[in-house]
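Down below is the structure, laid out as structure tokens.
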Amino acid sequence: YVIFGRSLAAQVTSPFGDIQLTTGATALSAGIGFRILGAAANDNSGISVSSAGDVNGDGVDDILVGAYMANPVPGGSAAGISYVIFGRSLAAQVTSPFGDIQLTTGATALSAGIGFRILGAAANDNSGISVSSAGDVNGDGVDDILVGAYMANPVPGGSAAGISYVIFGRS
């Protein structure tokens, strides 16, 4: 679930109260937020979630969602997938409001303009067990992200030494 924040002025006319989270077919009430739905049974989508910073350089922060048990490729059992969901400006939400976002593990990526996937390298890597903003580590003015794959084997014969990936953002 993503719950939108509100300015202090907005809380005067519409104060925060209890928010009912839903698991059924209906989304959150308009203007409150939206859900990010896992792609498949046992993907464990949402095990790790984080602000991504602004990885596409559009001035709006983005979201990271890890699904460390996802199978992005045939035979890629538990390779893992991390999803980057792009934020939207208020102006963009007028013509394209947020609604439930359905994550995918198949050959098709997220809907155009919504974001992208980072696919685990090999079976049982568990990529996406941890996800985080990295700040701007390469100094190009665009935020970067970190994805952990704690069961990955970086050297032949290595057993679950693990790999942390730094993925550079770009505009």
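Each value in this text was obtained by applying a stated rule to the coordinates, not by laboratory testing. Quick caveat: nothing in here was measured; it's all calculated off a predicted structure. Note: ideal-geometry Cβ built from the backbone for every residue, glycine included; neighbour counts use all protein chains shown.
At a 10 angstrom cut-off on C-beta neighbours, averaged per residue, how do the peptides 39-51, 156-168, 118-130 rank from highest to lowest? All intermediate terms of the calculation are to be shown ahead of the outcome.
Details: 39-51: 16.4, 156-168: 11.8, 118-130: 22.0.
So the order, starting with the most tightly packed, is 118-130, 39-51, 156-168.
Can you work out the Karplus-derived ³J(HN,Hα) for every residue in the range 124-133? Use 6.51 cos²θ - 1.76 cosθ + 1.60 with θ = phi - 60°, whole Hz, and x for glycine or proline.
6, 5, 6, 4, x, 4, 9, 9, 6, 5
Roughly speaking, what is the stretch gain from VAL166 to PHE116, that is 0.36 nm per residue apart minus the C-alpha to C-alpha distance, in nm to one decimal?
On the way: separation 50, 0.36 × 50 = 18.00 nm, distance 1.54 nm.
Separation in residues times 0.36 nm, less the Cα-Cα distance, equals 16.5 nm.
Between SER159 and ALA123, how many nm apart are label points set 7 Å from Cα along the C-beta direction?
Using points 7 Å along Cα→Cβ, the separation is 1.9 nm.
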